[in-house]
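Everything on this sheet refers to the single structure shown next.
The values are calculated or read from the model by the stated rules, or taken from the named source; none is laboratory data. Values in this document were obtained by computation on a predicted structure and should not be read as measured data. Positions of Cβ are backbone-derived with ideal geometry, glycine not excepted, and every protein chain shown enters the neighbour counts. Note: accessible area is taken over every heavy atom of the protein model, side chains too, but ligands, DNA and RNA are not part of it. Shrake-Rupley method; radii C 1.70, N 1.55, O 1.52, S 1.80 Å.
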Amino acid sequence: MTSRCAALIPAAGLGARLVDRRSDAPAVPKAFRQLAGQSLLRRCAEMLVGLCDEVVVAVPDTHLDLARDDLVGLGSAVRVVAGGGDRQTSVACALAAAHSQAEVIVVHDAARPLAQPEVVRRVLDALDAGAQAVVPTQPVPDSLRWLGVDGQNTPIDRSSARAVQTPQGFRRTLLEQAHAAAGPDTGATDDATLVERLGVPVTLVDGDPLAFKITRPLDLLLAEAVLAAQR
Ligand code: CTP
Ligand code: MG
């Protein structure tokens, strides 16, 4: 049986790289951008509310009411809190608000709105099987190069590299320890990085091609095309 689970959705980023500089439309934080009539945030929350006992969403403190409106109808298992100035702080804010009975935590970026329930189940199954920290990954299609500090660059064996996605899953106490130990301004772009600093190994599971991150305008176009093809 799956342990009691809380899902955290860091959604407090501004989406600076998504802004189309040719448009004079007012910038809305990325999580509130619409994709076929639904925000990225709502898509993630709807997917996770069916799989976890509670969902805690961290949004900019200027957008708490908008988030509550956006998530209306998803029930009391979904709660909204204010995030912080970087992703790590936003996750920490959501983690602090998670229900005390949650034993496992799934962290999923609002910026990955097309992730499918199956990848969440793979993560939860690995936790149930005893893993401490679980990360979905995908093979990298491009050839890769490592940039050295000396200006040199060297090829990397692509077959040994993986792209890291969310949802990532953790034993709750471990994630709390990792955030407490991390301190500010680590620059970490995910939670597994913080957990690994405690010396705890991370278990990899198959990621989801649809869990790609919406970062630039092209990613939003791709997501729209995926949804149009599904209709
Ligand atoms: N995030 C967050 N709080 C922040 C910064 C980021 O909750 N202060 C969240 C984003 O909302 C997103 C996830 O972390 O769901 C991954 O971050 P990223 O893709 O970098 O989103 P943004 O920071 O919004 O985008 P950008 O870096 O282009 O501004
Ligand atoms: Mg960012």
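Restricting VAL195, VAL226, VAL200 to residues that are in a helix (DSSP H, G or I), within 25 Å of SER3 (Cα to Cα) and either hydrophobic (A, V, I, L, M, F, W, C) or in contact (Cβ under 8 Å) with a residue 24 or more places away in the chain (or both) narrows the list to VAL195. Report yes if ALA67 is out of contact with any Pro (no Cβ under 6 Å at 6 or more places or on another chain), under 30 Å from ASP128 (Cα atoms) and at pLDDT 95 or above, otherwise no. So ALA67 does not fit the description; no. Residue check: ASP185 meets all listed conditions (1) assigned to a loop (DSSP other than H, G, I, E, B); (2) open to solvent by less than 70 Å² (accessible area, probe 1.4 Å) but one, namely (2). More than 15 Å from VAL107 (Cα to Cα), in a loop (DSSP other than H, G, I, E, B) and at pLDDT 95 or above - does that describe any residue in region 34-52? Within region 34-52, one or more residues are more than 15 Å from VAL107 (Cα to Cα), in a loop (DSSP other than H, G, I, E, B) and at pLDDT 95 or above. What residue, among those in region 40-81 that are of a type in the set (Gly, Ala, Ser) and within 16 Å of the chain's Cα centre (by Cα), is farthest from LEU221 (Cα to Cα)? Only one residue tops the list, namely ALA58.
Yes/no per residue for (1) more than 10 Å from ligand 1 (Cβ to nearest atom); (2) touching a strand residue (DSSP E or B) at 6+ places or on another chain (Cβ under 9 Å); (3) without any contact (Cβ under 8 Å) to a residue 60 or more places away in the chain:
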position	(1), (2), (3)
LEU35	yes, no, no
LEU41	no, yes, no
GLU46	yes, yes, yes
VAL59	no, yes, yes
GLY83	no, yes, no
ARG87	no, yes, no
HIS99	yes, yes, no
ILE105	yes, yes, no
ARG112	no, no, no
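Scanning region 13-33 for residues that are part of a helix (DSSP H, G or I), open to solvent by less than 30 Å² (accessible area, probe 1.4 Å) and either in contact with a Pro (Cβ under 8 Å, 6 or more places away or on another chain) or of a type in the set (A, V, I, L, M) (or both) yields LEU18, ALA31.
For region 71-98, filtered to residues that are open to solvent by less than 40 Å² (accessible area, probe 1.4 Å) and polar (S, T, N, Q), the residue that is nearest to ALA182 (Cα to Cα) is GLN88. The residue list ARG171, ARG197 contains one member that is over 16 Å from the mean Cα position of the chain (by Cα) and surrounded by 16 or more Cβ atoms within 10 Å (Cβ to Cβ), which is ARG171. Among residues of region 99-126 being open to solvent by 50 Å² or more (accessible area, probe 1.4 Å) and either within 22 Å of THR193 (Cβ to Cβ) or not small (Gly, Ala, Ser) (or both), the one that is farthest from ligand 2 (Cβ to nearest atom) is GLN101. Filtered by the rule that a residue be surrounded by fewer than 11 Cβ atoms within 10 Å (Cβ to Cβ) and of a type in the set (Gly, Ala, Ser), region 127-168 gives ALA129, GLY130, SER143, GLY148, GLY151, SER159, SER160. Against the criterion of being surrounded by 13 or more Cβ atoms within 10 Å (Cβ to Cβ) and within 16 Å of ligand 2 (Cβ to nearest atom), ASP208 does not qualify.
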